[in-house]
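The values are calculated or read from the model by the stated rules, or taken from the named source; none is laboratory data. Note that the structure is predicted; figures quoted are calculated from it, not measured. Methodologically, a virtual Cβ is constructed for each residue, glycine included, from the backbone with ideal geometry; neighbour enumeration extends over all protein chains shown.
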Number of protein chains: 2
Amino acid sequence: MKESTPRPRLIGLDWGTTGLRAYLMGEGGRVLESRERPWGIRHLPAGGFDAALDGIVADWPDLPVLASGMVGSRGGWREVPYVELPATIDAVVVALGSVDSVSGRRVHLVPGLRNTVVADVMRGEETEIFGALALQPVLAGRSALLLPGTHSKWVNVLHGRVVDFATAMTGELYTALRHHSILGAGLGKDDPPFDQDAFLRGAQSARDSGAGGALSRLFSSRALVLTGELALPAVPDYLSGLLIGEELRSAIAAGRVNTSTPLQLIGNPVLCRRYAVAASCFELGMALPPRGAAALGLWQIARAAGLMPESGQVGRS
Amino acid sequence: MKESTPRPRLIGLDWGTTGLRAYLMGEGGRVLESRERPWGIRHLPAGGFDAALDGIVADWPDLPVLASGMVGSRGGWREVPYVELPATIDAVVVALGSVDSVSGRRVHLVPGLRNTVVADVMRGEETEIFGALALQPVLAGRSALLLPGTHSKWVNVLHGRVVDFATAMTGELYTALRHHSILGAGLGKDDPPFDQDAFLRGAQSARDSGAGGALSRLFSSRALVLTGELALPAVPDYLSGLLIGEELRSAIAAGRVNTSTPLQLIGNPVLCRRYAVAASCFELGMALPPRGAAALGLWQIARAAGLMPESGQVGRS
């Protein structure tokens, strides 16, 4: 009996503010094909959400569709209310929303999570988290996770539940300061190649800022240039190190992590590496990210929601 | 003997990045007339520095001209090297630069100050500081000064010298986040009238952030809106309170001020009031700013430099 081509079971969409990714998945969440388009919810093609969906799943079979991310936000296709902490995957499944496309596809939408103790929200990261817990079940018991990005999420998991999280706007702060403040003066639009020395220098300055915090040192990115102590092309990575370093300093000072508990990184490998480099200044251990958390999270949620008919049934149809 | 019209003695220019102010001054630094134009060094009229100077001093008598601020920076009319700390007014006088305009006026330029212990620089504020010390001589002995702004300066004075200072980019950070991040989403370009409750709420949140610092709470400006706990029009002042509060929290945590030493505010009265309101959350005393520090600082420096002939000589000419 020869091995057959895996049968597609689910279309998963990771649909954020700036981009759209689609996964055609087979049994167990195996990604058979993936596609990426620049059609984030603020950058939709003509025809809007419907056109974006039809465009990215073109020629894929008619399968259940599950989407996570900003597509379910107020400014998205349809708003799906947040699930409050502590949140299990089952609570997320119960709160799934849906919207029907003009072409007749039903798109199920993953809700975001809401922290009511300190006002905070996430959309999309919950899916990556449940994917990471499936990839590395040891994390489900008790773990501290870090999902770096435009809006970094610091997450605590206990017994399979997301019990706490906090957002640091580090990525967006970097972009705002780099491109819309004096700190970027004289620099071109594109960042030069990664300058690890400048990055570490920034991270160390954040660490050394102590309880005062690195906000008081932002202007040093400029002053060091004016006084000839920092080369202009080194500014972006110095600033990046200062801001990521501040994110780490702040999390340690606030007791969100301690240096004896390694932090599990989840997300973009290049950005995660940057965080791991900064962590070395703080003697903070970070585990590099597992691959495929977002897609597997979609699979896990879809399976728990019963969106796919059981394998046996599929065979019979 | 009737009182004569005061004789003009000096033209002082406060020439920054975004604006230009000119003072026609009589004996003792008394301002006889002042003018303001939007001709900052990045917003010069056609004809550049020469045209801006000729335009703003038009029909004023031919007098010594002294200018402070970014006009003496690398991107200004002529760069004047910084004076290193600790800095007296005499050290500033020795380091004055000058440039001659096409129309034949010599413009003397006040140098900025440079902190070499922690890389930092100022240009323009040194003049306001020396003006404030002349207005309130009690400050010269030992004082802590705060000049809020795009780039706030925290300054320590001892025996008439500027012995230390640090910059907080609070104003520029506010603008970058308000206009170039998700925090300003849905808001118009103009800020609504001052919402003191929202401002205080932000300042208190910064205070309560403790050693973690308020950078970790930036996203709350957005999350509180999404969860219905903050009205959208309240966001600008909540954010302003959070950032100014963080500036104060950080300065206290870093030992830059202590709650037993009142801080002397210098500068824009509206902005200074905002700082005084935030200070009430920290039980930190702040003295409201004296008027006319910038103009009087120019007078003090010009007099120490001997730019004006002595009064007696003027009478004889």
Problem set entry | Verdict on A:Ser240 being hydroxyl-bearing (Ser, Thr, Tyr) and either closer than 23 Å to A:Val118 by Cα or surrounded by fewer than 17 Cβ atoms within 10 Å (Cβ to Cβ) (or both) | no
For this session: Looking at (1) in contact (Cβ under 8 Å) with a residue 24 or more places away in the chain; (2) more than 21 Å from A:Ser260 (Cβ to Cβ); (3) not assigned by TED's automatic domain parsing to the domain that holds A:Leu13, find the lone condition where A:Glu172 falls short.
Result: (1)
Exercise. What tally of residues in segment B:155-184 results from selecting those that are facing chain A (nearest Cβ under 9 Å) and not hydroxyl-bearing (Ser, Thr, Tyr)?
Worked result: 11
For this session: Search segment B:96-122 for residues being more than 15 Å from B:Pro86 (Cβ to Cβ) and among the basic types (Lys, Arg), and hand back the single one that is farthest from the other protein chains (Cβ to nearest Cβ).
Result: B:Arg105
For this session: Could you tell me whether segment A:161-173 includes any residue that is surrounded by fewer than 18 Cβ atoms within 10 Å (Cβ to Cβ) and modelled with pLDDT of 95 or more?
Result: yes
Exercise. Out of all the residues in segment B:9-27, which are surrounded by fewer than 17 Cβ atoms within 10 Å (Cβ to Cβ) and in contact with a strand residue (DSSP E or B) (Cβ under 9 Å, 6 or more places away or on another chain)?
Worked result: B:Gly19, B:Gly26, B:Glu27
Exercise. Considering only helices (runs of 4 or more DSSP H) fully contained in segment B:207-284, which possess at least 2 residues that are in contact with a Ser or Thr (Cβ under 8 Å, 6 or more places away or on another chain) and either of a type in the set (D, E, K, R) or away from chain A (no Cβ under 14 Å) (or both)?
Worked result: B:235-253
Exercise. Just a yes or no: is a residue in segment B:93-113 modelled with pLDDT of 95 or more, within 14 Å of A:Leu226 (Cβ to Cβ) and of a type in the set (D, E, K, R)?
Worked result: no
For this session: Of the conditions (1) buried (at least 20 other Cβ atoms within 10 Å of the Cβ); (2) closer than 25 Å to A:Ala166 by Cα, B:Gly228 clears all except one; give me its number.
Result: (1)
Seminar exercise, completed: Within segment A:28-42, residues within 20 Å of A:Gly112 (Cβ to Cβ) and surrounded by fewer than 16 Cβ atoms within 10 Å (Cβ to Cβ) come out as A:Arg42
Exercise. So which residues in segment B:185-205 are at the interface with another protein chain (Cβ under 10 Å from one of its Cβ atoms) and part of a helix (DSSP H, G or I)?
Worked result: B:Ser205
Seminar exercise, completed: All conditions in (1) free of Cβ contacts under 8 Å to residues at least 24 places away in the same chain; (2) at positive phi; (3) assigned by TED's automatic domain parsing to the domain that holds A:Leu243; (4) not hydrophobic (A, V, I, L, M, F, W, C) are true of A:Glu283 except (1)
For this session: Could you please let me know if A:Gly202 is surrounded by 24 or more Cβ atoms within 10 Å (Cβ to Cβ) and either in contact with a Ser or Thr (Cβ under 7 Å, 6 or more places away or on another chain) or not polar (S, T, N, Q) (or both)?
Result: yes
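Residue-by-condition table, conditions (1) under 24 Å from A:Glu247 (Cβ atoms); (2) out of contact with any Lys or Arg (no Cβ under 8 Å at 6 or more places or on another chain):
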site: A:Ala119; (1), (2): yes, yes
site: A:Met122; (1), (2): yes, no
site: A:Phe130; (1), (2): yes, yes
site: A:Ala134; (1), (2): no, yes
site: A:Ala144; (1), (2): yes, no
site: A:His151; (1), (2): yes, yes
Exercise. Within segment B:45-53, is even one residue on the phi < 0 side of the Ramachandran plot and at pLDDT below 95?
Worked result: no
For this session: Taking A:Ala253 as the residue in question, decide whether it is crowded, with 16+ Cβ neighbours inside 10 Å, among the aliphatic types (A, V, I, L, M) and modelled with pLDDT of 95 or more.
Result: no
